[in-house]
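In what follows, a structure is listed as structure tokens, so that the remarks can point back to it.
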Amino acid sequence: MARGAVPAPGFRYNTAMEWTDDGIVISLKRHGESSAIVGVLTKEHGRCAGLLRGATGKRLRGVVQPGNRVRVRWRARLAEHLGTWSLEPTGNAVTAFLLSDPVRLVALGSACALIEACLPEREPHPSIQRALDLWLDLLVSDGPWAGAYVKWEQGLLAELGFGLDLTSCAATGAVDDLIHVSPKSGRAVSAEAGVPYKDRLLPLPKFLLQEGAAGDPKQVRDGLTLTGYFLDRHLFHGEGLPAARRRFFSLF
């Protein structure tokens, strides 16, 4: 339309919103016969949902599984609309590597469920997306994926403003022999200071105090107990963690 021209009756300006990004599939909900509403954690646009036509068809069925990395294009007429996806895979299908390992598969479901429930929609959280991306590499390899998962949950708490302070004892300021965490303050407590309150304190596994440490199965379970307590308290307000997270804890 020429500058200064008056729009004809019924004319609509092109106000469509569109962007492209890289991300990780986190959820899939069937919509109609062949479509699905797909949730993706993107690098620059955060957690976003959109309608994907043909999602259950042969070409896309294996692509839109949780944990898979994709290149997406999101388009909608207005920013507040649900929008539609077009996408392509950018890596190997993660789920395919996990079909023979139900514990790892449930761990993936746990991470995706927490993202879906905790992260505000369309709000960028690049550190969480980047940490999840690195964790997925460990999950499909022989790396220490379980301990890294606990640290990922710890990072999720910190990103959302509920970080744990494990640097020194809340009661004495000591930096040695930290073995507990206060359920009230989220701060570490030393063995000596925690004696009178031992039954009321949460376990602090040593691997959370050491960069790069993996933790043995008992330490990982203690770590899941710790992060799970604060996730439930701060993000789910005592109403209980997502079923996938509870299932992972029970299976580990």
Exactly one of 114, 87 is surrounded by 20 or more Cβ atoms within 10 Å (Cβ to Cβ) and either of a type in the set (Phe, Trp, Tyr) or assigned by TED's automatic domain parsing to the domain that holds residue 231 (or both), and that residue is 114
Please determine whether any residue of segment 181-193 is in contact (Cβ under 8 Å) with a residue 40 or more places away in the chain, in contact with a helix residue (DSSP H, G or I) (Cβ under 9 Å, 6 or more places away or on another chain) and of a type in the set (A, V, I, L, M, F, W, C).
yes
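Could you check, for segment 34-43, whether at least one of its residues is in a loop (DSSP other than H, G, I, E, B), farther than 16 Å from residue 119 by Cβ and not hydrophobic (A, V, I, L, M, F, W, C)?
We begin by selecting, within segment 34-43, every residue in a loop (DSSP other than H, G, I, E, B); these are 34, 43.
Still in the list and also farther than 16 Å from residue 119 by Cβ: 34.
Keeping just the survivors that are not hydrophobic (A, V, I, L, M, F, W, C) gives 34.
The answer is yes; a qualifying residue exists.
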Which residue, of 31, 81, is modelled with pLDDT of 90 or more and over 24 Å from residue 236 (Cβ atoms)?
31
Those residues of segment 177-201 which are farther than 18 Å from residue 231 by Cβ and of a type in the set (Ser, Thr, Tyr), in sequence order:
190, 197
Among all residue pairs at least 6 apart or on different chains, which show Cβ distances below 8 Å where the first residue, located in segment 29-57, is under 15 Å from residue 73 (Cα atoms) and assigned by TED's automatic domain parsing to the domain that holds residue 136 and the second is part of a strand (DSSP E or B) and at pLDDT 95 or above?
none
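Scanning segment 93-148 for residues that are outside any helix (DSSP H, G or I) and among the small types (Gly, Ala, Ser), which turns out nearest to residue 231 (Cα to Cα)?
Of segment 93-148, the ones outside any helix (DSSP H, G or I) are 93, 99-101, 119-125, 140-144.
From the residues that got through so far, the ones that are among the small types (Gly, Ala, Ser) too are 93, 100, 141, 143.
Values: 93: 29, 100: 29, 141: 27, 143: 25 Å.
Across segment 93-148, the extreme among qualifying residues is 143.
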Condition test on residue 153, is it under 23 Å from residue 210 (Cβ atoms) and in contact (Cβ under 8 Å) with a residue 12 or more places away in the chain?
yes
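The values are calculated or read from the model by the stated rules, or taken from the named source; none is laboratory data. Bear in mind that the values here come from a model prediction, so they are computed numbers and not experimental data. Glycine also receives a Cβ, built like all others from the backbone with ideal geometry; neighbour counts cover every protein chain displayed.
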